[in-house]
Amino acid sequence: MRMNRISMLAALTLAMLLCGLTVRGQEVVAVGKGSYASSPPSQAGKGAAEMMRRTFPIVGEFKGKAVPTNQYWTWLLNGKIGGDLWVDPLRVDSTPAGLDIFYPTRWADHDPVCEQPLKVEGVDFKANEVHVTRWGDWNVSFAVKGGAGEMEVTLVRGMPLVWIEPRGVELALRPSGTAKVGTVSAGAFVLEVGERTYGVFLPSGSSISNDGGLVTIKFAGSKRFAVIAAMTKAGDLAMFAKTAYSIPRDTRMEWGYDAPAGKVVTTWTIKTDNLEGNGAANAIQGFLPHHYRDATPGFKLDGPEYLSARGKLKTAVGTKFEITYDFEGILPGLPAPKKGAGVHPFDASRMAGYLAKKAEDTNYGNDTYWGGKDVLKFPQYMQFAKELGDPSFEKLKANGNAALADWMTYTPGEHAHYFARYENWKALVGFKDSYDSAKFNDQHFHYGYYTLAGAMQGMEDPAFLKDYGPMLTLVAKAYANWDRTDPSVPHLRCFDVWEGHSWASGTSSPGGSNQESSSEAVQSWAGLFLLGEMLGDKDMAATGAMGYAMETRATQEYWFNVHGDVLPEKFGHPMAGMVWAGGYVYGTYFSGDPAWIYGIQVMPASPAMVYLVRDYDFALKIHQTMMAERKKKERTDDYGTMGDLGNVLLAHLALIDPEAAVAECDRLWDANNDVMRKGHAAGVSYYLAHSYRSLGKRAWDIRTTLPMSGAFRNASGEVTYVLYNPDEKAVSVAVRKDGRIIGSIMAPPRQLLTTTLLAK
C-alpha cells in the first residue's frame, strides 16, 4: 500500500515510540513495569529547560559528581559573590574583598543580629566569582576568586571556626570598630573587637602589622593559611590551638537502625588534615538541642557554648561522635472505629457514603503536589473500606493502582503524570511541576505522597508493588538517596544532616535556605520507612527511621519551641510558620491566617503525625492558642469556615482530644457545612477521629518489637495494640513497657491486627 509523506512520517514516529524514543530524543527508560523520560520533553516547561542548561562552578575532584541542592551552602552553585552562609554559630558571606564573618551574640525579634563583621580581605584583591571545591555531609569548601588570586574557604556546620587558604593573594583582617590586637605567639594571637573575641591562627613564623586597625598578615614560608575562631573569652586561645590547625576535609553521618530495640544510632565522623603537619587530629564540633535533648549523646558537651539560630549550641572535642534516638515505629493505618453508643457514636452509614463517593471519583491532579495529595487519598479510603468490610474496597484499590501506575510511567507525548531525568544535575524530577519543584523546591513534600501511597497500595496488592516498586524506589532516592555507592543522585538531597530537618528551598537564596511545612517533610520519611518495610528494603526503611527520628525532634524544637527556649522572647508567638537558616517567620508564603500557619505544620491527616502529641498537654495548648489567635485575627474560630483545612485541624484535634473532634464533626454535619459535606477530606478526618476515640491516647511508655505498630491507652488503663506485619509469615512480637518485656503477640502476615491487653 502506498503512503503519502505525512503518513510515512506518522509511521516513523510511531516506530520510534515503540522503540522507546520520541522524535525529540527522549528515551523511555523502563524500571520494572514503570518508566521515566531520559530527559524532560519540551512540554515539561521553562523551569526544566532552565535547569537543563545549567552548568556548575565546581572544580577539582568533585566536578562531575551528583550536584547537591537544598543544602545550607548550595546558593554557591550560582557562582556569584554574596549570599549568607549560616554555619552556626557564625554567618559567613563572600564579598568582592574576600569574606565577612559575623559572630551573632544577641537576638532581634526573629533572627540573630549580624553586625560588626570581621572582614578577611585580600590585599589589592577584587573577587568576581566563587568556585565550589569540595563538600561533605555538613562541611563545604569554596574558592573566592579574582584575577590570578583566590581564597579557599572551609566551613563546617556547628564549628566556630573559619579556615582560609590564600593562593596568589596576601591576607588582611579589617575589624568593624576599635580592635585590640594581641601579640603573635606560636603562630596565634587574640583579636578583641568590642564584645567579640577571636583567635587567629597562622603558620609558625608568621607575623602581623597593625596599621590603623587593618591587620596585615605576613607569612614566613610556603605554608599560607589563616584560621579564625570565635571564642567566648581570650583565655580559650590555648584550647582552640589544639583544634584550629586540623582542617576538616570531609564529614559523614552514618546510621544504623535496631528494629527490635527501637533505636536509631547515628555516628558522626570528621576527617581532617593538619595544616602544620604535626599534632593529633581533633575538632571542636557544635551540637543543637535536637542532638542533646530527647536523644542520648555518647559524649560530653563540655566545650564553649554559643548563641545560634536554633537555640543554645553546645560543643565537644573529637572527630567521632555517637547519638542515639528512640524510634517508636510508624503505623500504616488505624483499625475500624467501634460503633459505640451514647453521644456522637460512629455512623457507619455516613462513612459508607464517604467511601462510595470516593470510589466513583477517579480524578487526580496534574502536578506533583496536588496530584500526590489526590493519589494518597485512594489508598487511605481503600484501607478504611478494608477495615470496615465495605464493598467499595476493590474499586478503590483499582483506582489507586491506576493513578499511581500512571505517575510511575512515562508515555511519550504526555503532558503530566510522569518523571524525567536531569542528567547534568543527576536528578529525577516529576512533571507537571508546581511551586518550582522543577528547580528542586519542595520535592520531598511532593514525592513523599507517592512513596506513602505506594507502601499502602502494596499492603493490599503485593503484585502491584512488585511491578512498580523499582520506580517508586527511584522516586524515593530522588529526595532521600541513602546509598552512597549510587552516583545517579546526590546523597540525602533535601535533608540537612546536621540541623536535623529538611530544607524546601531548592538551590537556596541569598538570604539562606528555608522550610515551611515541617509535617510534610516528616511524611516523606514515613513514606520512605513504610515503603522500605513493604519492599523488604532494609536500607530504605532504616533511612526512613533515621529521618523520622531526627526530623520529628527538630520540628518540635525549631517550629513548635516545645521547651520554650529556642525562639527568642521578642518573637511574640508560640511557634514558627517558617524556619529560615538565620531565623523564623510567623506566617506562610500564601497566608497570614493563624489556622494556616498552624495547619501547614500538621498536615496531611495520617497516623504518621502522632509525633505531634508526644506531649499531649503541650499539643493541646498550642492548638488552643492557634484557635484564639484566629478568632482575634479572622474574627472566627469555627472549623467550618476553613474549607479543607478544617478537616486537617479536626484530624489533628482527634490526636489530642478525640471526643471534641467527633463532636465537631457531628456539629458541622448537622449544620450541612461543606467541611463535612463536600470534598474527600471529610471521610479521612471522620474515620481517624472515631478510630482514635476507640483506641485512646498513644501510650509512649509501651512499644512492640514490630516497627509498624503502636500502643494506645484509654481512660480505664486498657492498652490496645495495633500492628501490621509486612512479612509473608506470622511473627511473634514482644511487648515492652519501660524497657522490660511484659508479653508477646503473634502477628499474622499482611493484616492490620488490633488486640487489647492490660498493661502491667
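Since every read-out is calculated from the coordinates, none of them should be taken as a lab result. Since this is a predicted model, take the numbers as computed values, not measurements. Cβ atoms come from the backbone with ideal geometry, glycine included; neighbour counts cover every protein chain shown.
Listing for the model above:
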| item | result |
| --- | --- |
| Extension gain from Arg667 to Tyr589, taking 0.36 nm per residue of separation minus the Cα-Cα distance | 24.9 nm |
| Local net charge near Arg224, Cβ-Cβ under 13 Å (Lys/Arg +1, Asp/Glu -1) | -2 |
| Using a Förster distance of 30 Å, the FRET efficiency for Ala734-Glu254 (Cβ separation, nearest 0.05) | 0.65 |
| On Cα atoms only, tilt of 5-18 relative to the major axis of the chain in degrees | 80 degrees |
| Inverse of mean 1/r across different Cα pairs in the chain, Kirkwood, Å | 27.7 Å |
| Span from the region 710-736 Cα centroid across to the region 101-141 one, whole angstrom | 51 Å |
| On Cα atoms only, tilt of 348-359 relative to the major axis of the chain in degrees | 70 degrees |
| Extension gain (nm, one decimal) between Lys63 and Ser42, 0.36 nm per residue minus Cα-Cα | 4.8 nm |
| Low-density loop positions, trypsin sites (Lys or Arg not before Pro), region 160-248 - DSSP coil, at most 14 other Cβ in 10 Å | Lys233, Lys242 |
| Label point distance in nm, Lys180-Lys339, each placed 7 Å from Cα along Cα→Cβ | 8.2 nm |
| Helical mean residue ellipticity (222 nm; -39500 (n - 2.57) per DSSP H run of 4+; nearest 500) of the chain | -9500 deg cm²/dmol |
| Where labels lie 7 Å past Cα in the beta-carbon direction, separation of Ala356 and Ser744 in nm | 4.6 nm |
| The chain: relative contact order as a whole-number percent, Cα under 8 Å and 6+ apart | 12 percent |
| Tilt relative to the chain, helix 393-407 - C-alpha long axis, 0 to 90 degrees, to 10 | 30 degrees |
| Inter-label distance, nm, simple model (7 Å from Cα along the C-beta direction), Asn424/Lys218 | 4.8 nm |
| Modelled FRET efficiency - R0 56 Å, Asp617 with Asn363, Cβ distances, 0.05 increments | 0.85 |
